[in-house]
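Taking it in order: structure first as structure tokens, then the write-up.
The values are calculated or read from the model by the stated rules, or taken from the named source; none is laboratory data. Small disclaimer: the values here were computed from a predicted structure and weren't measured. Quick reminder, even Gly has a Cβ in these numbers, built from the backbone with ideal geometry, and neighbours come from all protein chains shown. Accessible surface areas use protein heavy atoms only, side chains included; no ligands, DNA or RNA. Shrake-Rupley method; radii C 1.70, N 1.55, O 1.52, S 1.80 Å.
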Amino acid sequence: NAGVTQTPKFQVLKTGQSMTLQCAQDMNHEYMSWYRQDPGMGLRLIHYSVGAGITDQGEVPNGYNVSRSTTEDFPLRLLSAAPSQTSVYFCASRQKNEQFFGPGTRLTVL
Amino acid sequence: GDSVTQMEGPVTLSEEAFLTINCTYTATGYPSLFWYVQYPGEGLQLLLKATKADDKGSNKGFEATYRKETTSFHLEKGSVQVSDSAVYFCAIDGSGGYNKLIFGAGTRLAVHP
């Protein structure tokens, strides 16, 4: 099993650009989440999904969209990037009460 | 609302020293408690967990006990190694359940030979 994979590992955007952060898992987990990690703030939940076709907002959803068309994939879309979205983004899938995290995407918005 | 507070770092120790990283939480009900570890350049990995009062989670020489009376879940290790250098996060599942983990700010540990 590859576990949870994320692409790209690094990305630099200009303000106003759009992009999609990819996340995939091969463990057949129903539950998947996106977090952002900022210095001194731990991880904060952006969006999550309890299964294909079902998504919901987390603590900091503004500026981000998600969809879940398959069990395996859970992409995160930034429609119009802002400097405040500079962060490290982690995708996770969950089995019972354990979350499995991907390696992260470091995003810089200029 | 639910929250997690953990001691600020960085924590710098010599190899074989005793480690304590404090973690306290605020939550309604009785959340499950977790410690995650993040090694440089990697994602978070579950280190240990406890799901009810007085439970002790343990893994790789690390231990933490669920203390309901003090709402705490302090991480301890009797003898740290250089390979333990990482960032440690305390987390709870809170009122949102397992899909909505609430993390502390993280504590960076640096262990020197």
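I'd like to check one number: the per residue accessible area of the protein assembly as shown, probe 1.4 Å, reported in Å² as a whole number. Write out the running numbers ahead of the final one.
On the way: 10400 Å² over 223 residues.
Normalised by residue count, the accessible surface of the protein assembly as shown is 47 Å².
Considering only protein heavy atoms and a probe of 1.4 Å, how much of the accessible area of segment A:1-90 is carbon and sulfur, as a whole percent? C and S fraction of accessible area: 50 percent.
Buried surface between chains A and B: roughly 1600 Å² of accessible area, summed over both sides, computed with a 1.4 Å probe on protein heavy atoms only.
Could you look at segment B:1-52 and say what percent of its accessible area is carbon and sulfur, using a 1.4 Å probe and all protein chains? Within segment B:1-52, the accessible surface is 49 percent carbon and sulfur. The region of chain A that goes longest without hitting one of the trypsin sites (Lys or Arg not before Pro) in a DSSP loop, each with at most 16 other Cβ atoms within 10 Å, is A:15-95. Cα convex hull, the protein assembly as shown: 119 Å³ per residue, rounded to a whole number.
Residues of segment A:69-110 that bury at least 40 Å² of accessible area once all protein chains are present, compared with their chain alone (1.4 Å probe, heavy atoms only, ligands and nucleic acids left out), are A:Arg94, A:Asn97, A:Glu98, A:Gln99, A:Phe101. Hydrodynamic analysis of chain A uses the Kirkwood radius over alpha carbon pairs. Inserted into Stokes-Einstein at 37 °C and 0.692 mPa s, it gives a translational diffusion coefficient of 239 µm²/s.
Of the listed residues A:Met27, A:Met19, A:Met32, A:Met41, the order by accessible area with a 1.4 Å probe, largest first, is A:Met41, A:Met27, A:Met19, A:Met32. Ranking A:Gln85, A:Pro103, A:Gln57 by how far each Cα lies toward the positive end of the dipole of chain A (charges on Cβ) leaves A:Gln85 at the top.
Where does each of A:Val50, A:Val109 land when they are ordered by accessible area, with a 1.4 Å probe and the largest first? Let's see the in-between values first.
On the way: A:Val50 55, A:Val109 10 Å².
If we order A:Val50, A:Val109 from most to least accessible, we get A:Val50, A:Val109.
Per residue of peptide B:44-56, the mean number of Cβ atoms on other chains within 10 Å of the residue Cβ is 2. The shape of chain B comes out prolate: with a ≥ b ≥ c from the C-alpha gyration tensor, a/c is at least 1.5 and a/b beats b/c. Take B:Ser58: with every protein chain present and a 1.4 Å probe, its accessible area is about 80 Å².
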